[in-house]
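**Student:** Provided herewith is a single structure, encoded as structure tokens, for subsequent inquiry.
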């Protein structure tokens with residue numbers, strides 16, 4: 001009786017293909033999972049460097065070529081408890097270099113800075129002594145990617161990470177609190193190197209009807 005070998009061959013082919021795909025899959029490794037106590041506030045604008053709200057050091061294996069930095073927090077634009085039209089901006093730096101290496105979010109924005117909260121005064125709730133817990137706290141979640149390589153010297157695997165906040169108008173106070181920071185990394189090479197923290201191709205515009 002003849003035995004079919006199609007089944008085992010098909011399994012072998014699928015398994016080989018799966019192994020090839022897995023070889024190009026970058027496993028994300030986490031190097032920092034921290035929180036920042038208390039509320040951070042500033043009136044400094046992006047053009048003047050803002051105010052650092054997180055500074056950390058991560059030790060990254062030499063094969064990792066992309067870092068991913070994520071912040072989760074709440075923030076508001078209340079100036080002394082009073083709503084004012086303003087915006088809250090964030091900046092990420094790794095080893096003193098801006099994480100955001102692509103185009104600015106707006107033509108007139110400061111390089112490396114991104115607005116994460118922008119509201120008119122009417123869109124906010126004033127904070128009063130009678131209800132001090134009532135305020136316009138808004139969820140903030142943002143991630144950056146940044147290419148890295150081993151630094152020179154005996155501490156070549158050490159990388160500094162800094163997050164800063166800024167007030168859009170440079171006059172009124174902006175606040176951020178409940179800050180959670182995650183720093184991870186991945187080895188993204190081979191066929192996926194074109195996806196390694198590089199601009200994505202522009203999608204085809206949908207024709208206007």
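Throughout, read-outs are computed from the coordinates displayed, never taken from laboratory work. Quick caveat, the model's predicted, so the values are computed rather than measured. Counting neighbours? That spans all protein chains shown, and the Cβs are built from the backbone with ideal geometry, glycine included.
**Student:** Where Rh denotes the Kirkwood radius from the mean inverse Cα pair distance, what is Rg over Rh for the stretch 114-209? Could you put the intermediate results ahead of the total?
**Tutor:** Details: Rg = 20.5 Å, Rh = 18.6 Å.
Here the Rg-to-Rh quotient is 1.10.
**Student:** May I ask you to order 119-126, 51-58 by the average number of other C-beta atoms within 10 Å around their residues, highest value first?
**Tutor:** Averaged packing, sorted descending, gives the order 51-58, 119-126.
**Student:** Moving on to the next point. Determine, for each peptide in 60-67, 154-161, 171-178, 201-208, the mean count of other beta carbons within 10 angstrom over its residues, then list the peptides with the highest first.
**Tutor:** Result, highest mean first: 171-178, 60-67, 154-161, 201-208.
**Student:** For the stretch 34-190, take every pair of Cα atoms, bin their distances at 10 Å starting from 0, and report each bin as a whole percent.
**Tutor:** 11, 37, 31, 15, 5, 1
**Student:** Related question: Sorted from fewest to most neighbouring beta carbons within 10 Å, what does the list 92, 197 look like?
**Tutor:** So the residues, fewest neighbours to most, are 197, 92.
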